[in-house]
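Q: One structure is given below, represented as structure tokens, and several questions about it will come after.
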Amino acid sequence: MSTPNAFAAPAQSEEERLWAALKSGGHVVLMRHAITEPGVGDPPGFSLDDCGTQRNLSAQGREDARRIGEAFRRQNIPVAEVLSSRWCRCLDTARLAFGRATPAPMLDSMFNESGPNADAKIRQVLAAIARRPLSTNLVFVTHNQNILALTDLSVASGEMVLVVPDGDAKLKVIGRLNLAR
């Protein structure tokens with residue numbers, strides 16, 4: 001019968017493992033925008049230039065985005081760049097969490113898109129991921145459909161999927177982190 005080692009380090013939780021991976025750099029965080037007002041998609045006739053015509057973050061979504069940013073700062077996670085879909089709910093999530101966002105059409109919603117347009121977006125995202133800095137991380141704030149197309153994972157509002165390139169035109173999922181409760 002073996003005796004447990006009183007000095008052995010406790011097993012690392014999945015969340016701790018993911019934070020440690022992010023601290024080491026070289027990852028891309030695919031983040032779905034935080035929770036929105038009820039609905040699916042956007043109202044007919046919405047405009048990217050007018051947030052009043054879109055489905056936007058709820059009060060809970062704004063709070064969740066702030067909490068996500070606080071967790072990144074508390075964990076001292078290095079973030080080189082924050083790219084976002086041009087939809088207001090994504091830009092707001094990025095800005096509330098990270099204080100900045102660069103609009104990136106390649107991250108725009110693929111909800112009603114397929115074929116060559118969707119394929120082009122996926123290729124652009126994969127190329128950007130391949131060029132990621134190794135000493136820090138990238139954050140891409142986007143939509144569930146986009147994350148699903150890239151990883152085959154459906155994610156909750158505010159949930160994040162950590163990825164790295166895995167050969168040509170593929171991603172390796174490191175794990176999922178959901179700080180929006």
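Q: Of the numbered conditions (1) open to solvent by less than 60 Å² (accessible area, probe 1.4 Å); (2) farther than 19 Å from ASN112 by Cα; (3) among the β-branched types (Val, Ile, Thr), ILE35 fails exactly one; give the number of that condition.
A: (1)
Q: Does LEU138 count as more than 10 Å from the chain's Cα centre (by Cα) and more than 19 Å from ASP64 (Cα to Cα)?
A: When the stated conditions are applied, LEU138 does not pass them.
Q: Residues in region 88-108: is at least one of a type in the set (D, E, K, R), farther than 20 Å from ALA34 by Cβ, in contact (Cβ under 8 Å) with a residue 24 or more places away in the chain and buried (at least 18 other Cβ atoms within 10 Å of the Cβ)?
A: No.
Q: Being closer than 25 Å to ALA21 by Cα and open to solvent by 10 Å² or more (accessible area, probe 1.4 Å) is the filter here, so list the residues in region 76-87 that pass it.
A: Within region 76-87, ASN76, ILE77, PRO78, VAL79, ALA80, GLU81, LEU83 meet the criteria.
Q: A follow-up question, please. Any chance region 54-65 includes a residue that's farther than 20 Å from GLY39 by Cβ and in contact with a helix residue (DSSP H, G or I) (Cβ under 6 Å, 6 or more places away or on another chain)?
A: Checked region 54-65: no residue is farther than 20 Å from GLY39 by Cβ and in contact with a helix residue (DSSP H, G or I) (Cβ under 6 Å, 6 or more places away or on another chain).
The values are calculated or read from the model by the stated rules, or taken from the named source; none is laboratory data. Remember, predicted model here, so these are calculated numbers, not experimental data. Cβ sites come from the backbone with ideal geometry, for glycine too, and all protein chains shown count toward neighbours. The protein model used for the area step is the full one, side chains on, heavy atoms only, and it has no ligands, DNA or RNA in it. Shrake-Rupley method; radii C 1.70, N 1.55, O 1.52, S 1.80 Å.
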